[in-house]
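Nothing in this text is a laboratory measurement; each read-out follows from the coordinates by a stated rule. Please read these numbers as outputs of a predicted model, since none were measured by experiment. Ideal geometry is used to build each Cβ from the backbone, glycine not excepted, and the neighbour counts take in all protein chains shown.
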């Protein structure tokens, strides 16, 4: 898996959740169509009169979340860019051509109220629940950076009792001194920390 493939999968999913922050600071989530992808870039549109449009412009960030039929969760946290005015006509034509249903929603000249956005910088998390052990990977697109993650790790206080291994749903804890967590397969459910008799498992940023 890689960032480009994740973007392509979001296009195949097509209808994804996009989350922003409202004027009052409350979370806002909407189903938005992924209408075009190109390399590691994702394109979508919305109408100028919608609160979503103004939230994209003011907050300059959006969280995109899709779930494939294979139980692959793909999350893109990125910076939406409103395409230049002189490019809007070209992109609107392309998006309507690739998504014919939009002509039913905004027929004829009514589509002029729409504007196209692109996400070209951000962070992607790929989380595959359809395999065992599960797979979790992170990537960046454009100038995006990987954010700190809260992970379960096992410290030197570990006494090697193995209780954490027996409670791990994905069997991703490995024997060692101390024991260790395979982060690519960890659900981050916390069962290891809850059951450790010596409090050797910690939840910390890495």
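Structure notes:
- Gyration tensor (alpha-carbon) shape descriptor, segment 150-205, a/c threshold 1.5: rounded
- Computed from Cα positions, the angle between helix 85-98 and the longest principal axis of the chain comes to roughly 80 degrees.
- Degrees, to the nearest 10: 3-13 long Cα axis against longest axis of the chain: 60
- FRET efficiency for residue 105 and residue 140, using Cβ-Cβ distance with R0 set to 30 Å, rounded to 0.05: 0.35
- Sorted by Cβ density within 10 Å, fewest first, the residues 172, 147, 161: 147, 161, 172
- Max mean-square fluctuation residue, GNM over the chain, Cα-Cα springs under 10 Å, options 82, 150, 95: 150
- From least to most packed, judged by other beta carbons within 10 angstrom and beginning with the fewest, 54, 36 follow the order 54, 36.
- Structure-derived Rg and Dmax of the Cα atoms in Å: which label, when the choices are [x] 16.0, 50; [y] 15.9, 46; [z] 21.0, 70: [z]
- Cβ-to-Cβ counts within 10 Å put 118, 164 in ascending order as 118, 164, the fewest first.
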